[in-house]
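Here is the structure we will look at, set down as structure tokens.
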Amino acid sequence: MTQSNTLLPNLYTTMKRIRTFEERVGELFIKGETAGTMLHLSIGEELGPTCLGAAMQKQDTFTTHHRGHGIFIARGGDPKKMMAEIAGKKDGYCKGKGGSMHIADMKLGHLGANAIVGGGIPTVVGAGLSSKYLEEDKVSVAFFGDGAMQQGILYESMNMASLWKLPVVFCCINNQYGMGTKIDNAAGLKDFSKRAASFGLNTLHIDDLDIENAYVKSKEIIDKARKFEPGFIEVECYRFFGHARMDKSPYRSEEEEIKMRKSDPISYASNQMLKNKIMNEDEIKKINEKISIEMDEAMDFAINSPLNNQKEIFTDVYDEREPLPISVEERINKILS
Amino acid sequence: MSDLNKNYYEKITFRDALRLAIHDSMQKDEKIIVMGEDVAAYGGAYGATKDLLKLFGPKRIIDTPISEAAIVGASMGAALTGLRPIAELMYVDFFGMSMDQIANQLAKVRYMFGGQINAPMILRAQGGTGRSAGAQHSQSLETWIMHTPGLYLSIPYTPNDAYHLLRAALKINNPTIFIEHKLLYNTSGVLDKNNPDQIFGKAKIRKKGKDLSIISYSRMVNFAEKAAEELAKQKIDVEVVDLRTLNPLDRETIIESVNKTKRALVLSESCYTAGVPSEITSIIFEHCYTNLLKPVIRYTAEDTPAPVAPNLEENYIPTIEKIVEYSKKLCK
């Protein structure tokens, strides 16, 4: 296949891997194997993370919001270690101490998922500063949802990135809902690019399902950021399911969901491949089966991963050369002795 | 600060000791940068970074917009990716603007990510009363930090401690909050660069005594010393303990001192209720219970915001006269 013939299958594969991973997370929850219910699935939102993930370079860094599984998969995250982290197990990326909302992997440039809306955004400003200072040619991308568009920290960060001409991109995955509040009830101006442009950032608004085009356009923004022109990308999409696992979406109608789920980036990409004869149905089926096996294995890995030793409560608070925090039990025993 | 390269200063201000510490650290480690509001061209609101711009240039001494949350967040991001920032928030009160970045991000980044990464940075801020700066520029918020696991907290009293604690913080890989009392910048003392005289988490007995322990930190140590001088004339022998860092906290020195003197007064500019003194009092009660001859006294600022009027502000915090009075009653 020519390069143009490999691009769409590659993007499709990543999107399908994200979706299948998220579906398995849902299964893991039903099996009672997840650590808690704080599971924010990105089903329906695969396009943005996939095209940006592909447009970034190997050395680039990023932070994500709480709905960040897909972004990390698009950046090379290992589904096994991710799933183990979601299960709160020892083999997880963060030894099960971070969980779904705090997955990170410094080796892959993942500077951390964040459970505070907007909380991880200024981190990329600092990463951009380091990259420029150390001449490392790293772009740092902050991924966040439409909820963070209403947080002050975003604007402090966009201003700093613009002022200091940092290799930074701000990427808003606009899934239309901040938990249960529709964007119409949260944003005074929904044209987010205008806000970013007012800080002097290059902007891009992606609002269709053509992922090849989205990839090309995203890459332009990221490439400009690499030359110290920071950028902003909004990707419009729809969160197919509730905010978290316990959310039955009482704030929106079934009709709306059915209608919006028709805008599925994965079906669209699959149809494009068939239409343009890049792949046939059998070939797509084979990809899907392979992914299915990969994610089943990830789920099994998580289920079979051992639990942490209790002493892990106390490790990692401070640098390893520093003393561990004293346990409450030790304190009380000392008083009573 | 004409001669930067001396190893011993007979008399140096707290401000210049800090400047020297930043200067000496930056000379040794190119990964150290300074960022904050007015730290470069202005030289820092309290002069702690004066002239550093000339010496190190705008790449390393960075004026920021007035964006306290992003100053802390960006510093943390830089710390995660290879630099070692010294961030300055002009007033500790501005922690209110950046508490998410301080408490939810900086303090937890290592733990949440399973120990993968350190955030080696210092966040400097000045606190305390004494300049009629009002309720939003006069607070002692060390309790907020001490109640947040993951952050080291340094709160020096002498120029020598300011110098060495700052330098030590730049060698430790933990994020360290560094609180400087606004009335200490002009105080002076000895600086011996070859005598660190401490490590993080080690209190200093400023004066030995046998009748009463006054346990304090930052500017209030000065009040304790003055009160101790007065009490000495009245044959009361006070031991003055300067905690120097609140995390790590030197529990052993506190316990040892009070087990010896059998009486304790905990002195601080933070508010009375649920403050740092409350914690120290608990430690004393837990470990010196059978030795105590009198209840432990917490002498602190009032449970109110800080007033501006000088005559009110002066009495909002502990006074030397009353330290003497309470100490005498404790030793009766």
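Bear in mind that the values in this text are calculations on the coordinates, not laboratory data. Just so you know, these numbers come straight off a predicted model, no measurement behind them. Glycine also receives a Cβ, built like all others from the backbone with ideal geometry; neighbour counts cover every protein chain displayed.
Values computed for the structure shown
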quantity: Span-rule helices in chain A, defined as complete DSSP H runs reaching 20 Å or more along the axis (Cα) with Kyte mean at least -0.5; calculated: A:3-30
quantity: Low-density loop cleavage sites - trypsin sites (Lys or Arg not before Pro) in the range B:231-301, where at most 13 other Cβ are within 10 Å (DSSP); calculated: B:K235
quantity: Antiparallel bridges, percent of DSSP beta bridges restricted to chain A (to nearest 5); calculated: 10 percent
quantity: Centre separation in Å (Cα based) which lies between the range B:269-303 and the range A:240-258; calculated: 53 Å
quantity: Helix B:320-330 axis, angle to chain B major axis (alpha carbon atoms, nearest 10°); calculated: 40 degrees
quantity: Among B:M97, B:M76, B:M121: highest mean-square fluctuation, GNM of chain B, C-alpha pairs under 10 Å; calculated: B:M97
quantity: Inter-chain shielding of A:152-162 (mean C-beta neighbours from other protein chains, 10 Å cut-off); calculated: 4
quantity: Rh by Kirkwood over Cα pairs, then Stokes-Einstein D for the range B:204-330 at 1.567 mPa s and 4 °C, µm²/s; calculated: 90 µm²/s
quantity: Selection of trypsin sites (Lys or Arg not before Pro), the range B:47-77, meeting DSSP coil and at most 12 other Cβ within 10 Å; calculated: B:K59
quantity: Theoretical ellipticity at 222 nm over chain A - DSSP helices of four or more residues, -39500 (n - 2.57) apiece, nearest 500; calculated: -14000 deg cm²/dmol
quantity: Alpha-carbon centroids, the range B:222-265 and the range A:89-152: separation in whole Å; calculated: 45 Å
quantity: Environment charge at B:I33 (Cβ cut-off 14 Å; Lys +1, Arg +1, Asp -1, Glu -1); calculated: +3
quantity: For A:R245, residues with placed amide H under 5 Å, excluding near neighbours; calculated: A:L39
quantity: Average beta carbon contacts from partner chains per residue of B:225-234, 10 Å cutoff; calculated: 0
quantity: Charge tally in the Cβ shell below 13 Å around B:R263, where Lys, Arg are +1 and Asp, Glu are -1, B:R263 excluded; calculated: +4
quantity: From phi via Karplus (6.51, -1.76, 1.60), per-residue ³J(HN,Hα) for the range B:114-121 in Hz, x at Gly/Pro; calculated: x, x, 5, 8, 9, 10, x, 8
quantity: Rounded tilt (10° steps) of B:251-261 against the dominant C-alpha axis of chain B; calculated: 20 degrees
quantity: Three principal axis lengths of chain B [C-alpha, angstrom, descending]; calculated: 60, 45, 40
quantity: Residue of A:K97, A:K194, A:K16 that the Gaussian network model of chain A assigns the largest fluctuation, springs spanning Cα pairs under 10 Å; calculated: A:K194
quantity: Largest-first principal axis extents, alpha carbons of the protein assembly as shown, Å; calculated: 98, 58, 44
quantity: Candidates B:I71, B:I145, B:I117, ranked by Gaussian network fluctuation over chain B, Cα under 10 Å, top entry; calculated: B:I117
quantity: Debye log10 I(q)/I(0) at q = 0.14, 0.19 Å⁻¹ for the range A:1-107, Cα point scatterers; calculated: -0.53, -0.91
quantity: Spherically averaged projected area of chain A from its Cα convex hull (nm²); calculated: 20.2 nm²
quantity: Relative contact order of chain B, pairs being alpha-carbon contacts under 8 Å that are 6 or more residues apart, as %; calculated: 16 percent
quantity: Mean separation of Cα contacts under 8 Å, 6 or more apart, over the residue count of the range A:3-336: relative contact order %; calculated: 22 percent
quantity: Angle in degrees between helix B:14-28 and the longest Cα principal axis of chain B, rounded to the nearest 10; calculated: 40 degrees
quantity: Within 10 Å of each Cβ in B:78-86, the average number of Cβ atoms from other chains; calculated: 6
quantity: Rounded to 5, the percent of DSSP beta bridges in the protein assembly as shown classed as antiparallel; calculated: 20 percent
quantity: Helical contribution to [θ] at 222 nm, DSSP H n ≥ 4, -39,500 (n - 2.57), averaged over chain B, rounded to 500; calculated: -10000 deg cm²/dmol
quantity: Under 10 Å, Cβ to Cβ, from A:A55 - net charge with Lys/Arg +1 and Asp/Glu -1; calculated: -1
quantity: Spatial separation of Cα centroids for the range A:261-337 and the range A:1-57, in angstrom; calculated: 12 Å
quantity: Taking only Cα atoms of the range A:211-337, radius of gyration then Dmax in Å; calculated: 25.0, 79
